[in-house]
Structures are given as C-alpha cells and as structure tokens.
Amino acid sequence: MAEFVIPTNCSADDLLCPDPLVCYDASELDWLEVDGCGCPFWYGWTGPDCEERNGPTYFLMASTIIQGSAALLLMLQGSITFFSYYREFGLKMNAQISTMLLGIVAALLVSIWRAIVLVTTLSPSGTRREGKSNDAEKTHVLVLAERSGIGLSIMFATLMALNVSLMWVSVSRASRSMTKRLSRGLELYRKGVLIFMGIFSVGLISLFGAGLTGIVAFFALPFMIIIATVYAWGAFSITKLLNAADSARHHTSGSDGRRSLYASMIADIRACALLLAVGLLLALVGAVIYSYLSIVAPGGQDNAVNPNNSIHPVVVANECIPLGVLVVIFSVVRYTRKNVHRNVASTKDTKAALAGSTTFSKPEDEDLTK
C-alpha cells in the first residue's frame, strides 16, 4: 500500500506523522503490512498532502449537499407554516406552536451539521494536532463542532417528535367520544412525554458539559427505540378514538363535511407516525452498522476505511443517521403543515357560516391543538 501509506515506525501515534497524516497500525489492519502514515481515509483523501479526492470524498460531498439543501427547504416550509398559523390564530404557546418551532430549529441544526461535514471534506489541511478530540490523537479541527451539531440536531429532532404526539393528544381530547377514563389516560401520557423530554434533555446537556460528545448518538438510541414503539401504539390508538368520534357524529348528524374532516385527521396522524417510524428505523440501523464497523469489528474504523475501496460502507451507514433525522423532521413538518391548513380552512368556513346566520354557536373547528 505504498501509494496510500508512507512506511513509518509511528507506533500508533498520530503525532509522529506530519500533518495532515495519521498513523495506521498494521497489526490491526487487514489491508496494511507495515505501520505507516497516511491520510484520514474516511474522507477518501489521498496523495502526499491529502489533496487528491476519491470515491468516498465525492459521496460525502453529494450526501451533505443534498441533505443540507433538504434541511433548508424543511426549515423554510416550517417557517411558512408557522407564520400562516400566527396570522390566523396569533402567538399562543401550545403543542402546535412548540412542535413547529422545534421542527424549524431541528432543520436549521441539520443544515449546519451537514455544512460542517462538507467543509471538513473539502479541507484536509484541517487535520492537525490542534484538532485533537476526546477519543483520537489527531482529528480535523471541525470534528468537535460536527459532533456538537450531531448532538443538538438529534436532541431537537427527538424533542420535536415527542412533542407532535402532544398535538395528537390535544386533538383527541377535543373529541366528543372522550370519556373521563380516556381523558385521564391521555393526561398521564402527556405528563409522561414531558418527563421523558426532560430526562432526555438533561442527559444530553450533561454529556455536552462533560465533553463526551462522541457518545451522544449512542445515548439517544434507546430513546429512539422507545419513541418508535410508543408511536406505533399511540398513533393508532388515538386514531381509533377519532374513528369512534367520526362514526358517532356521522350517525347523529349525517355531516359529510365533519366526516371528511375526521378522516383527514386520522390519515394525517397515521402517515406522520409511519414516516416518523421509518426515519427512526433508518437512523437506528445506520447507527448500529456504524457502531459495529467502527468499534466492534476487528481493527475498528481504520480497518473499515480501506483506501482500496471506492466507497466505505461505514461512511454510508453513518450518513444514514442524518438521513433518518431528516425523514423524522419531514414527517412532522408535513403533519403540522396539513394540520394548520385544515384549521385555517375550518375557521374560515365557520366564519362564513356565522356571517350568513343570525344564530351563534361556538365554532367546533377552531384550532384543535390549543
């Protein structure tokens, strides 16, 4: 591997290699015969100064540009939805408002995270001693910023995903088929979600404060599994309740408009839950494969970034994590957009009906998430 690694007795010490090269220990690697200094092959860099690009470089460039652009579009759509809600209902803190704000922030953070990775990929000279992190002897100077971006993105996306379920609770509690027992159950669920959000946030903040940014994703994994399980149960339980309300109202009033409203609410909640579960599963699978190839498998990450490969499976798996986060954000942004449009349209219809009637009755379709 002379074309990739300069034979050097660096003894697994990156600091014995000139910047931006790092040390590779041949005793732990399948693709190397003698110790030597080489480029950080994660990014596909080659050449004496690591300025030459390879397959993994172009993959990371394409992945970060596409994902970063998608995150910016989701942030824009979330902002448009937020201002549409604000114009119609004003600024009142409820599950709808907090979910939209968390979604906007999460999308912004993902776009920043992706931009940091793109800049890192395009600047191999940033790998030097000053870039030393808490789990490597020499890294790129932007790695710590990237890990902060990962942690914050996952935190806000998770809080957003938890918070949207509170919107479903609010909608269900407005149902006429709600019993006292069900109401108490949903209130316990709401409190449980809030406690869960608090534990998750405190845990992440503690990890950041201790400088353990490298394990943030692993800390988040059990929370993601619990969220996926709860959503699979919660979304369909709540929509079952709405189905009962739909049937009861249709039986008593024969209102096709009301039935259509409830049908759309049920479809949107289930679609949101399904997409959210897909995003969580994608991120979870990516994280598990990345962890296995980087930590569990013999040789770890250095063995997984064989410079002979045109693309690194460990890098592909790692990129599935932000992709899964984006799917989660998309599911919630899509749901809040549809929910706001439905509420705005319903409010306008109610106002139009009241304008043509001398009898006032409380509008039942005003913001259902308050």
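Give me the one-decimal nm value for the distance between modelled label points at residue 345 and residue 260, 7 Å along each residue's Cα-to-Cβ direction.
0.8
Report, please, the projected area of segment 25-155 averaged over directions, based on the convex hull of its C-alpha atoms, in nm².
10.2
What residues have an amide H closer than 5 Å to that of residue 139, excluding those fewer than 5 places away on the same chain, when H is modeled at 1.01 Å from N in the peptide plane?
128, 131, 132, 133
So what does log10 I(q)/I(0) come out to for segment 262-330 at q = 0.15, 0.23, 0.25 Å⁻¹, using the Debye formula with one equal point on every Cα and no solvent?
So the normalised log intensities work out to -0.56, -0.89, -0.97.
Read-outs throughout are calculated quantities, based only on the coordinates presented, and are distinct from any laboratory measurement. Here the structure is a predicted model, which means the values were calculated and not measured. Every residue, glycine among them, receives a Cβ derived from its backbone with ideal geometry; neighbour counts consider all protein chains shown.
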